[in-house]
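The values are calculated or read from the model by the stated rules, or taken from the named source; none is laboratory data. All values derive from a computational prediction rather than experimental measurement. Using ideal geometry, Cβ is built from the backbone for each residue, glycine included, and neighbour counts are taken over all protein chains shown. These area figures cover heavy atoms from the full protein model, side chains too; ligands, DNA and RNA do not enter into them. Shrake-Rupley method; radii C 1.70, N 1.55, O 1.52, S 1.80 Å.
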Amino acid sequence: CLEGAIRNTGIHAAGVIVCRDPIMQHTPLCASKDAQMAVTQYSMKPVEAVGMLKIDFLGLKTLTSIQKAAASVKRRLGKHIDWVNLPLDDKPTFDLLNHGKALGVFQFESGGMRDLMTKLHIDRFEEIVAVGALYRPGPMEMIPSFIERKHGREDAQQDHPWMTDILSETYGIMVYQEQVMQIASRLAGYTLGEGDVLRRAMGKKDAREMANQRVKFCQGAEARGIDEKVAASIFDKMERFASYGFNKSHAAAYGYLSYVTAYFKANYPEEWMAALMTCDRDDTSKVAKFIHECEQMKIAILPPDVNEAYAEFAAVKGAVRFAMSAVRGVGLGIVEAIVEEREKKGAYTSLFNFLERLSSKKIGKKMVEYLVDVGAFDFTNWSRDALRQSIEPMQIAIERRQKEKKAGIITMFSLMEDEPQDTFDTPPEVQNALSEEERLLKEKELLGFFLTGHPLDLYRDKIKGLENASFESMGSGGPGAFCAPCMIEKVQTKVLQRSGSKFAIVTFAQESQFLEVPLWPQVYERYGEFLREGKLVYALFRIDVENEERRFSCRWLTDLEHLDEMAVSEAKEAKKLTLKEQRRVKKKESDKEANVLGSKDSLEIEVDLASLRASKVLQLKKLFRSAPGPSSVYLRLYFEKQELSTLAISAPWGVEITNFLTQSLEKVQGVKKVSSVSD
């Protein structure tokens with residue numbers, strides 16, 4: 001029988017088994033299918049059942065970021081940061097968190113968490129720990145009370161006075177598993193070992209063990225003079241809490257990491273942002289996010305420089321220097337050779353000096369071109385075109401000189417004590433120079449970002465006086481339509497399944513801000529020719545808001561390079577039509593709402609009591625409940641054609657009058673007539 005058999009095996013990413021004896025005496029082993037290491041054949045629970053200690057060693061990239069930031073502070077400022085023993089009352093750290101500036105802060109990066117910080121206004125390390133434990137599915141429902149109690153707007157009432165000091169740091173709310181153990185110890189006489197058994201039973205939702213623990217807890221509490229009902233109520237709360245209870249030691253460790261990362265960002269922002277970008281240098285989306293954060297913090301991002309850059313992002317005063325190893329096509333080995341030579345013999349004085357000193361490292365022409373194109377030799381004050389054009393002649397001259405020196409050939413230049421680099425003292429006349437836009441696009445191709453400028457900057461004069469909305473401003477406010485210059489970052493062409501029509505999901509960019517919007521078939525068919533990555537456009541975006549959710553779409557666009565008066569007029573007309581369409585849709589929705597909520601009609605139902613049964617009365621009630629609304633209902637009660645009385649049913653128990661409702665009512669046995677009457 002295959003039922004219940006193991007289908008496939010998996011390995012815990014961080015689980016380590018600790019045993020004082022040779023481990024094979026307690027559990028069978030096997031070889032890992034993905035790595036050369038021994039693993040237990042027992043899974044998590046059985047391996048604990050045979051007496052093994054299982055520990056999860058979680059690898060956190062955050063620790064690497066902290067170490068790099070501390071090393072950078074030591075290197076640049078000469079200060080040793082003992083980050084393991086930081087003071088826990090640093091005001092700049094709390095200010096940073098309370099202003100919601102927590103991007104790059106461990107566990108506090110999400111929008112919800114940042115919003116929580118601004119509302120709570122943290123002023124103690126213990127609150128950082130508590131928030132980290134509460135901000136998870138389940139305990140999140142306690143966050144509003146936590147905030148209200150912190151600010152004194154809600155009383156922290158306890159079921160028993162003995163619980164007050166245990167729950168004081170969390171404002172009377174159970175947050176940690178250790179608090180459950182302390183309550184059980186104080187109120188019911190549990191030992192700490194017995195308290196841990198209770199905690200485990202709660203965490204694993206062991207119904208049988210929980211029933212035993214309830215009896216034990218209530219008996220222990222009663223023996224200490226606590227009322228049985230109070231004890232049962234406390235146990236119920238503990239049991240409910242257990243579904244989300246968090247381990248305080250875990251929460252404190254993670255909370256401390258949150259504090260440390262916030263401390264570095266608040267006090268050493270350049271070092272911290274450089275460390276974050278180094279650890280995520282292979283993820284361009286994250287680096288872009290950090291670059292945008294640097295812009296918000298007034299920290300400049302400097303391009304790579306062979307005299308100042310390293311293999312990692314480096315902090316300088318008021319700025320972060322881009323890492324040479326983050327340049328596409330430039331290997332780590334070459335970067336290390338560049339830095340090593342620079343630290344041994346000093347800064348490079350020119351491109352020729354650089355090539356000559358590193359000629360033994362066999363740096364290829366292409367790699368040097370990449371460094372030129374990202375600005376690594378801008379310190380020479382030569383144009384990048386002149387530098388690129390000089391690489392090959394310089395390499396040829398250096399190679400020839402080295403061959404002659406090796407062969408012992410004495411040249412006229414050496415007798416005159418002239419150096420061959422004198423030939424390259426001045427930049428050559430440039431042929432086939434790149435345009436400024438091409439230069440910036442090449443920079444982006446190699447770095448993943450625009451650092452020394454943006455192609456949109458070239459059109460500032462052209463769009464001066466025109467509507468120039470930013471994506472950031474479009475992200476707030478109500479519905480509307482906005483025109484904005486931007487660059488097409490990414491295009492995904494798709495097909496609607498029902499109609500087979502093509503549409504596109506396009507990512508538009510404004511420097512470090514991005515907006516992903518659809519171009520629906522009609523718009524795609526008309527403007528599809530402009531949808532190329534790297535294309536600069538002037539676009540009209542429509543914003544609709546429904547249930548507090550913002551939806552964007554692109555309704556019109558044109559080539560920014562050829563933007564003229566006719567195109568501007570077309571953009572204005574498209575915006576008018578879009579706003580008019582929005583108003584029409586809004587009016588239609590308002591009219592519909594008015595028809596439903598502001599109806600002046602009422603419903604009259606003639607009922608013959610002679611043929612009406614109790615089951616039919618329930619059927620009428622069900623129909624009324626199925627169509628709630630503001631219209632009153634009048635039941636005219638007849639018996640043998642004689643009207644006896646009228647029963648009125650009005651809001652909030654009224655109905656919305658629809659054809660479906662009236663037809664359904666007419667089918668009920670005993671109902672003679674249904675009609676709508678104006679009030």
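Using the structure shown, decide if GLY333 is surrounded by fewer than 19 Cβ atoms within 10 Å (Cβ to Cβ) and under 30 Å from ARG75 (Cβ atoms).
Against the criterion (surrounded by fewer than 19 Cβ atoms within 10 Å (Cβ to Cβ) and under 30 Å from ARG75 (Cβ atoms)), GLY333 qualifies.
Per-residue answers, yes or no, for (1) at pLDDT 85 or above; (2) open to solvent by 70 Å² or more (accessible area, probe 1.4 Å); (3) at negative phi:
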position	(1), (2), (3)
ALA433	yes, no, yes
GLU436	yes, yes, yes
LEU440	yes, no, yes
PHE449	no, no, yes
LEU458	yes, yes, yes
GLY465	no, yes, no
SER473	no, no, yes
GLY478	no, no, yes
ALA484	yes, no, yes
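Among LYS616, LYS621, which is farther than 21 Å from ASP601 by Cα and either among the small types (Gly, Ala, Ser) or part of a helix (DSSP H, G or I) (or both)?
It is LYS616.
Of all residues in the stretch 186-197, which are open to solvent by less than 40 Å² (accessible area, probe 1.4 Å) and out of contact with any Ser or Thr (no Cβ under 6 Å at 6 or more places or on another chain)?
Those that are open to solvent by less than 40 Å² (accessible area, probe 1.4 Å) and out of contact with any Ser or Thr (no Cβ under 6 Å at 6 or more places or on another chain): LEU187, ALA188, GLY189, TYR190.
Looking only at helices (runs of 4 or more DSSP H) that fall completely inside the stretch 305-410, which ones have 3 or more residues that are among the charged types (D, E, K, R), free of Cβ contacts under 8 Å to residues at least 12 places away in the same chain and more than 24 Å from PRO427 (Cβ to Cβ)?
Helices (runs of 4 or more DSSP H) meeting the threshold: 332-345, 384-407.
Criterion first (under 28 Å from the mean Cα position of the chain (by Cα) and open to solvent by 40 Å² or more (accessible area, probe 1.4 Å)) does LYS61 satisfy it?
Spelling it out, LYS61 is indeed under 28 Å from the mean Cα position of the chain (by Cα) and open to solvent by 40 Å² or more (accessible area, probe 1.4 Å).
Just give me the residues in the stretch 269-284 being modelled with pLDDT of 95 or more, of a type in the set (D, E, K, R) and open to solvent by 20 Å² or more (accessible area, probe 1.4 Å), in sequence order.
The one that is modelled with pLDDT of 95 or more, of a type in the set (D, E, K, R) and open to solvent by 20 Å² or more (accessible area, probe 1.4 Å): GLU270.
Which of the residues that make up the stretch 635-665 are surrounded by 12 or more Cβ atoms within 10 Å (Cβ to Cβ) and within 10 Å of VAL607 (Cα to Cα)?
LEU635, ARG636, LEU637, TYR638, PHE639 - these are the residues of the stretch 635-665 that are surrounded by 12 or more Cβ atoms within 10 Å (Cβ to Cβ) and within 10 Å of VAL607 (Cα to Cα).
Here's a check for you: in the stretch 524-576, which residue that is part of a strand (DSSP E or B) and of a type in the set (A, V, I, L, M) is surrounded by the most Cβ atoms within 10 Å (Cβ to Cβ)?
LEU557
What about ARG200, is it over 19 Å from GLN177 (Cβ atoms), exposed (fewer than 15 other Cβ atoms within 10 Å of the Cβ) and at pLDDT below 85?
So ARG200 fails the test.
When you scan the stretch 411-423, do you find a residue that is at pLDDT 85 or above, of a type in the set (S, T, N, Q) and either open to solvent by 50 Å² or more (accessible area, probe 1.4 Å) or assigned to a loop (DSSP other than H, G, I, E, B) (or both), even just one?
For the stretch 411-423, residues at pLDDT 85 or above, of a type in the set (S, T, N, Q) and either open to solvent by 50 Å² or more (accessible area, probe 1.4 Å) or assigned to a loop (DSSP other than H, G, I, E, B) (or both): absent.
Go through the residues of the stretch 6-16 one by one and say whether even a single one is of a type outside the set (A, V, I, L, M), surrounded by 11 or more Cβ atoms within 10 Å (Cβ to Cβ) and either modelled with pLDDT of 85 or more or more than 24 Å from LYS204 (Cα to Cα) (or both).
Within the stretch 6-16 (the criterion being of a type outside the set (A, V, I, L, M), surrounded by 11 or more Cβ atoms within 10 Å (Cβ to Cβ) and either modelled with pLDDT of 85 or more or more than 24 Å from LYS204 (Cα to Cα) (or both)), the answer is yes, since at least one residue qualifies.
Which of the residues spanning the stretch 84-128 are out of contact with any Asp or Glu (no Cβ under 9 Å at 6 or more places or on another chain), open to solvent by less than 60 Å² (accessible area, probe 1.4 Å) and under 25 Å from GLY245 (Cα atoms)?
Selection gives LEU97, VAL105, PHE106, PHE108, SER110, GLY111, GLY112, MET113, LEU116, MET117, ILE122, ILE128.
What number of residues within the stretch 129-180 satisfy the criterion of being among the aromatic types (Phe, Trp, Tyr), surrounded by fewer than 18 Cβ atoms within 10 Å (Cβ to Cβ) and not in a helix (DSSP H, G or I)?
Count: 1.
Report, by residue number, each residue of the stretch 264-291 that is of a type in the set (Lys, Arg) and either without any contact (Cβ under 8 Å) to a residue 40 or more places away in the chain or within 10 Å of VAL73 (Cβ to Cβ) (or both).
LYS286, the sole residue that qualifies.
Can you tell me which residue among ALA221, ALA266 is aliphatic (A, V, I, L, M), touching a helix residue (DSSP H, G or I) at 6+ places or on another chain (Cβ under 8 Å) and either open to solvent by 10 Å² or more (accessible area, probe 1.4 Å) or assigned to a loop (DSSP other than H, G, I, E, B) (or both)?
Step by step, each of ALA221, ALA266 is checked, and only ALA266 is aliphatic (A, V, I, L, M), touching a helix residue (DSSP H, G or I) at 6+ places or on another chain (Cβ under 8 Å) and either open to solvent by 10 Å² or more (accessible area, probe 1.4 Å) or assigned to a loop (DSSP other than H, G, I, E, B) (or both).
Might you check whether a residue that is open to solvent by 20 Å² or more (accessible area, probe 1.4 Å), of a type in the set (Gly, Ala, Ser) and over 21 Å from the mean Cα position of the chain (by Cα) occurs anywhere in the stretch 285-299?
no
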